[in-house]
Structure formats: structure tokens, C-alpha cells
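The values are calculated or read from the model by the stated rules, or taken from the named source; none is laboratory data. The structure presented is a predicted model; accordingly, all values stated were derived computationally and were not measured. Here Cβ is always computed from backbone atoms with ideal geometry, including for glycine, and neighbour counts include all displayed protein chains. Heads up: the accessible areas ignore ligands, DNA and RNA and are worked out on the full protein's heavy atoms, side chains in. Shrake-Rupley method; radii C 1.70, N 1.55, O 1.52, S 1.80 Å.
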Amino acid sequence: MRILSYVFTALFIVSCGSAKVVQTTNVSPEIKKSSGTFTNAERVGEIMNYLASDDLKGREAGDEGIEIAATYIENYFKSYHLKPYFETYRDTLSNFKKPAYNIVGVVEGNDPNLKNEYILIGAHYDHIGIIKPENGDYIANGANDNASGTTSVLEMARYFGTNKTNKRTLIFALFSAEEKGLLGSKHLAKKLKEQDLNLYTMLNFEMTGVPLQGKDYFVYITGYDMSNLAEVSNRYAKENLVGFLPTAKEFNLYQRSDNYPFHEEFGVPSHTFCTFDFTNFNHYHKVGDENSLMDFGHMATLVNKTIPVIEGIANAPSQEIKLKE
């Protein structure tokens, strides 16, 4: 998430640290649903330990580390039956000087009419790479920002790619160069608009690695009062899943993540789901953003709670999410 540094200077006393992580080289066989859940902490941890490992060197856009991540995401999509949205999964950025790619897959809707309406589910998979060393550590692994959101989207893609329960078509997009100014999402939003995509809504996932504290909701959305997405989400979740974080509005987080270019291009409800609240994580853009600080159980719960929401939105007979005047 691109957040002004002065905000963090004002709110945090930054500490740092590093942890050795175990790299996973292959996508594991699918773990079957049990006890009414789809994913679990072990599986989430496996993905996170790959994406935020030192071997990927902080996944800076255009560098070799993010190339490894791109290949991993491509293989993940292929393993769980997502088709490439374009000729291949790779969508080459036109607005960045180095070779950089969004990875875009699609699960076609199973309703002959509703499949012509599209829901885009996204997260950025890049981070800031190699930075000034702290305590001998110079790799900004970007576990929370945003291997966490990427992992959430990958697991949702696995669910829908495997089960095909969606009437509307779902596009799953992992963006590059978010940290360079939302370049990946700006590129894709413009490209899809030029193709006259019938986009219904864009749901983005950013910094979901640690739980909120002292809240009566599980996750907040940016731009809470711009649409009725929270109300719709809570109805399908059958609980107070999505809430309002005043700080997110105060610091205008709505415009600081990959939802915003889709709002600008399409004028449709476009929001980011997040569990970072300025008090529960103090390693933003630091080498201390490591997997050792992530709560994999929380992340699995977020995915399990969000799947029925996406399924409900994708299968409703009419478009329920509306922009507010």
C-alpha cells in the first residue's frame, strides 16, 4: 500500500528484525475442505513462506526476484484451472521502463447471461526490494505488504478455479509496480476499459497479514461510505465482517491502492479489503516486514469468511453493489 511516510513517522516507533523462512519450491496438492472451511494456516503459511522469502529479494518490479514470484503465480493459476485472461497469464506493463507483468487469470461464469458481467479480484505482488540495511538485514520481504493480499487472492482463485460456482465471470489479477505509483493496476484498468469490459465491481486485498485489535468487525474496506459493499458483504457473511475505519478515511487510503484506477476508469464500486489499522503493524516499508510477524490463522480465516461473500456477489440475480450519491 502506498501510504505517505509522514503518517507512519507520526504514528509509529519503527523497529526491525529478520527471520529465516523456509522456501517452498512447488505448489502443494489441493487440501480438501474440512469442518466447513476451505483453507488453513498451514497452507497459507506455505504460500507466504515462498513469496516473502529472502530468495525473492523483496520482489521489486522489474527485478529477478519478482520474476520468480510471477512464475509461481502463473503455475498456481494453471494448477487450479484458471485460464489466462489474455493470450498468456502475463500482461506486460506499458507504463514502466523495465519488463514487468501483471498476472491475470479468469474463471468464466457458469450462467449464460451473467457470465458477461465481470468481477475483478486483485492484489499487488510487488514490494520495494533491497533497501538500506538495518541490523544487517537489507531485504524488504514485504510479507504484510503485500504477500498477504496476494496469498488471499491466490487461495480465492484456487477455490473458484476448482469449484466453478460463480455465475458471473471472475478475473483474478496480481499487479506489479504498485509501489512505483499503482502502475500495474493503472495499466490494466486502462487496457480493460479500452476493450469495453463490462466490469461490475473491483475487490482488492491489501495488507491482510495481521488481525485488527479492539474492533467489532474483522476487516475494513477503504471508501466505506462510497457504496453499500459493506452491507452486502455482511449479509452474505452472516456476521459483522466488514467495518469502517475512520483512519482510513482520514488518510484517504481509498486512493492509495489498486482499487482506485478501476474507480477512475470504470466508475464502478472499487474497494480494498484490509486489516492494517496503523496500530497493529509497525514495519511498513522496512526490513522487519517478515513472515515471522504474520498470523497465518487470521489470514486463512479471512479467506474462508470472504469466499461466501464473493460467491454471493457473483451469483446474485442482479447487481446489488451500488455507488452512493
Checking the condition polar (S, T, N, Q) and under 19 Å from the mean Cα position of the chain (by Cα), which residue from THR88, THR71 passes? THR71
Which numbered condition in (1) under 19 Å from GLN195 (Cα atoms); (2) surrounded by fewer than 24 Cβ atoms within 10 Å (Cβ to Cβ) is the only one that LEU120 fails? (2)
Do we find that LYS115 is more than 30 Å from VAL210 (Cβ to Cβ) and not in a loop (DSSP other than H, G, I, E, B) in this structure? yes
Search the range 123-150 for residues being out of contact with any Cys (no Cβ under 7 Å at 6 or more places or on another chain) and among the polar types (S, T, N, Q), and hand back the single one that is nearest to ASP196 (Cα to Cα). THR150
Pair list, Cβ < 7 Å and 6+ apart or interchain, from the range 257-275 residues that are in contact (Cβ under 8 Å) with a residue 24 or more places away in the chain and polar (S, T, N, Q) to residues that are surrounded by fewer than 24 Cβ atoms within 10 Å (Cβ to Cβ) and in a helix (DSSP H, G or I): SER270/HIS263
Consider only pairs whose beta carbons are under 6 Å apart and that are at least six residues apart or on different chains; among these, list those whose first residue lies in the range 219-235 and is more than 21 Å from GLY209 (Cβ to Cβ) and whose second residue is in a loop (DSSP other than H, G, I, E, B) and among the acidic types (Asp, Glu). VAL232/GLU320
Does at least one position in the range 209-219 carry a residue that is on the phi > 0 side of the Ramachandran plot, assigned to a loop (DSSP other than H, G, I, E, B), at pLDDT 95 or above and buried (at least 24 other Cβ atoms within 10 Å of the Cβ)? no
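Residues are listed down the side, and each one gets a yes or a no for (1) out of contact with any helix residue (DSSP H, G or I) (no Cβ under 6 Å at 6 or more places or on another chain); (2) β-branched (Val, Ile, Thr); (3) open to solvent by 20 Å² or more (accessible area, probe 1.4 Å); (4) not in a loop (DSSP other than H, G, I, E, B):
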| position | (1), (2), (3), (4) |
| --- | --- |
| SER152 | no, no, no, yes |
| GLY161 | yes, no, no, yes |
| LYS167 | no, no, yes, no |
| ILE171 | yes, yes, no, yes |
| LEU174 | no, no, no, yes |
| SER185 | no, no, no, yes |
| LEU188 | yes, no, no, yes |
Within the range 305-322, restricting to residues that are of a type outside the set (Ser, Thr, Tyr) and assigned to a loop (DSSP other than H, G, I, E, B), the one that is farthest from the chain's Cα centre (by Cα) is PRO317
